[in-house]
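Since the structure comes first, as C-alpha cells, the remarks are kept for the end.
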Amino acid sequence: MKHTFTLLMLAVIFFTHAQQKHTVYFDFDIDEANSSSITRLDDWMTQNKNAIVEKVYGYADSKGSNDYNIDLSQRRADDVLNRLKAYGIAVNNNVEVKAFGEDFEQDENEAKNRKVEIYYTLSKEISSEPKPEKKELARRVEGSKLGDKLRLENLNFYGNSAHFLPESIPVVEELLVVMKNNPNLKIQIQGHICCEKTAMHPVSMDRAKAVYSYLVNNGIPHSRLSYKDFGGSSPIYNIPEMNERERITNRRVEIEIIAN
C-alpha cells in the first residue's frame, strides 16, 4: 500500500510539472482577446502544435456585479477555446472550462485580471517538429547592410505620446529577439511624429527613447544602441495627412543598421 501511494504521488507531481500555462488578456468589458494577446496566442499556437489543452479558465476584474463578470469570463473562455479549435490545437475531451468572474485573488493591476488562462500539456509524439521559420524582421535584418533603414511595421504610438499602441507590443518584442540573436548588430533608433513639418520634436525623441529603454531594460547593452529625433521631417504620408490611418503610420519608430 505504501509503495502504491508513493507511485501515485510521483504521478501527481509529474503531471503538475508537465502541465504548462499560457495567458490571454482582454480589454475592459470586452469578450474578445485584445490584438497584442491575439498575436502572442497565434505565435504560441504556431510553436506548440503538439499542445493538448486540459483547462481553460476565464476571469474578470472587480468592476460590475459578480454575476455579470461570471458571464463575461465565460464568454472570454469560449472565445479562446474557439480560437484554439479553429487553429487545430488538440483539446482534451474532458477539458475543464470554467468562469471565475471576479472570484479569485485579484491583482492590483486591473488589466492583469481580465484574462483567460490556458493549461496544457505537450505530446511527445510530435515534439520533434522543426522550429517555425524566422519572422519577417529577422529575415530583413539578416539581408541588410550598413546604413540600411528598416521600417518596423505596426510599431506605432498614440497621438502626442510615446505610449505604444497595443498592436506594437509584439513588434518591439520581436526586435528584442532579433537583437539577442544577433550579438554583433548595432542600430540607431529613429523617432517620428505626424501632423507637423518639423525637423525635431520632443515626442518623436521620446518615442525613440521608449524603444531604446525597452531594449536596455531587457538586457541589450547601451553600446549597441543609439537614438535620434526626426520630428516630422521624414513622413511616410505627406503632411497634413488625409486620415487617422495615415497619421498613425507617421507616428512611428524606424531603425538604421550601424553594424552587423
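Net charge in the neighbourhood of Pro221 (other residues with Cβ under 15 Å of its Cβ; Lys, Arg +1, Asp, Glu -1) is +3. Place a point 7 Å from the Cα of His163 along the Cα-to-Cβ direction; which residues of region 210-233 have their backbone N under 20 Å from it? Within reach of a label on His163: 210-215. Ligands, DNA and RNA left out, the 1.4 Å accessible surface of region 187-260 is 52% carbon and sulfur atoms. For region 59-115, chymotrypsin sites (Phe, Trp or Tyr not before Pro) are listed when DSSP marks them as loop and at most 14 other Cβ atoms sit within 10 Å of their Cβ; the list is Phe104. Within region 167-247, report the trypsin sites (Lys or Arg not before Pro) that DSSP leaves as loop and that have at most 16 other Cβ atoms within 10 Å. Hits after loop and neighbour filter: Lys197. In the chain, the longest principal axis of the Cα atoms and the axis of helix 202-217 are about 40 degrees apart. The computed volume of the Cα convex hull per residue in Å³ for the structure shown corresponds, within (1) 120; (2) 188; (3) 203, to (2). For region 128-250, the solvent-accessible area of protein heavy atoms averages 56 Å² per residue (probe radius 1.4 Å; ligands and nucleic acids excluded).
Each residue, Glu173 and Leu122, gets one label point 7 Å from its Cα in the Cβ direction; the gap between the two is 1.7 nm.
Summarising the amide proton neighbourhood of Asn260: residues at separation of 5 or more, or on other chains, whose placed amide H is nearer than 5 Å comprise Lys186. How much net charge surrounds Val53 when only other residues with a Cβ under 10 Å from its Cβ are counted (Lys, Arg +1; Asp, Glu -1)? Local net charge: 0.
The values are calculated or read from the model by the stated rules, or taken from the named source; none is laboratory data. Computed from a predicted structure; not experimentally measured. Because the Cβ atoms are built from the backbone with ideal geometry, glycine has one as well, and the counts that use them run over all protein chains shown. Side chains included, ligands, DNA and RNA excluded: accessible areas come from the protein's heavy atoms. Shrake-Rupley method; radii C 1.70, N 1.55, O 1.52, S 1.80 Å.
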